[in-house]
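Worksheet: the structure to be examined is printed underneath.
Each value in this text was obtained by applying a stated rule to the coordinates, not by laboratory testing. Worth saying up front: this structure is predicted, and the values here are computed from it rather than measured. So basically every Cβ, Gly included, is an ideal-geometry build from the backbone, and we count neighbours across all protein chains shown.
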């Protein structure tokens, strides 16, 4: 829904009433959202859940971009029955904003204390807590650098301005997920999304296969072509051709996972035969439809239908 980037819902079974309610966690797109905007988003979430499910959420927790709820909020969820389809954002960017939460019965918003998210302690604590609560998956996003001057329009905010300053700690997603993999046993690990032009496809294939080899069958690849021209061109990828570059990159990645004898001849790369082991635990990694950020809708549909496979496509929000 407008104003929300990620959201997750966890079922709450009420023994007294014999009904199910929801604990909704949502990440707000804008770091500068006002209290009135938070109130409006909470009302919209409550209204949508009530219309779809026939009941109000037990609690709505709104989280500004780059933050996570404090432990106090997490403990209040401990009574929840695990939801097999629930997901959570494993945020890797550090935060300078504050969290805010509000119960669905109309309590006034109370801004929480500032808390940086890009730390070992926070990532491990968040991941272990989400697995204990029964969440199905954790997701990390991708920026390698944040330029001091960004002319590209940020597609996920009304102002078009990228919300994080250059001095922000933004963890490399596959490295961060490797840390999380060592501290969890069941929860799946996804990228939302891995920007393909940021990495040579053979290196990306190796990193993903290694992660899935060490966390067997738990990795989900969400891949995109990116929106920030300044960052993409830094890696030598022509911005206007990033779609075709990424199409070929996906083919190279899949070839690296297919067997011990890999060779490729295409527009952007030509490789003599080589081996790249280990392979992913199940021979391949499920991949979501790649997202050509900023591209036209027909191009998005064509690319997704042609290249995406392995997992069902998520419903549109």
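Given R0 = 45 Å, the distance between the Cβ atoms of residue 172 and residue 48 translates into a calculated FRET efficiency of 0.85.
For the pair residue 203 and residue 230 in one chain, pulling the backbone fully straight at 0.36 nm per residue adds 7.6 nm over the alpha carbon distance. Counting neighbouring beta carbons within 10 Å and listing from fewest to most, the residues 131, 231, 121 come out as 121, 131, 231. Rg and Dmax of the range 194-258, based on Cα coordinates, read 12.2, 36 Å. Modelled spin-label separation between residue 32 and residue 269, with each label point placed 7 Å from Cα along the Cα-to-Cβ direction: 4.1 nm.
Determine by what factor the alpha-carbon radius of gyration of the range 107-226 differs from 2.2 N^0.38 Å, reporting the quotient. This ratio for the range 107-226 stands at 1.18.
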